[in-house]
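Read the structure below first, then the notes.
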Amino acid sequence: MKFRSALAIGLIAAGTLSQPAQAALSGYWESSKVLHAILGRNEVADALRQQPVSSIETTRSGYRLKSRDCTVDVTVERQNTRRPGPGNMKIMVGNGRCR
């Protein structure tokens, strides 16, 4: 009986450990990491005509950044990773719309 329990626990642990790790940062730190990556992109600065960011809003696919005269949408695709820790992301900057 003890052998069966130990065997079952060992099989469950081995199955769990063979799955890709999905460790993530807390919500605050994850969004901070994403926003820092977005704000560090030259394409975002150019789309906003180098004006200061006046607001950042979340959208279904990422974020919308606004300056005094311009708006740009940024799409964020989170990519799974096979290692522990935060996942990678792909950032795509849309065309800026200015008035």
Problem - Chain lengthening between M92 and Q50 when straightened (0.36 nm per residue, less Cα-Cα) - result: 13.3 nm
Handout entry: Signed unit charges on C-beta, dipole axis of region 51-98, positive-most listed residue N88, V53, T75
Key = N88
Practice task
Show the residues, 5+ positions off or on another chain, whose built amide H is closer than 5 Å to the amide H of M89.
Solution key: Q79
Practice task
Would you work out the charge dipole size for region 51-98 about its Cα centre, treating the Cβ of every Lys and Arg as +1 and the Cβ of every Asp and Glu as -1, and quote it to the nearest 20 debye?
Solution key: 200 debye
Practice task
Return the long-range amide H neighbours of S67 (sequence gap of 5 or more, or a different chain), with a cut-off of under 5 Å between placed amide H atoms.
Solution key: S54
Exercise for the section: Taking 7 Å along the Cα-to-C-beta vector as the label spot, tell me the S61-S31 distance in nanometres, rounded to one decimal. Expected result: 2.1 nm
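Bear in mind that the values in this text are calculations on the coordinates, not laboratory data. As the structure is a computational prediction, the values presented were derived from the model and not from experiment. Reconstructed Cβ throughout: ideal geometry from the backbone, glycine too, with neighbour counts over all protein chains shown.
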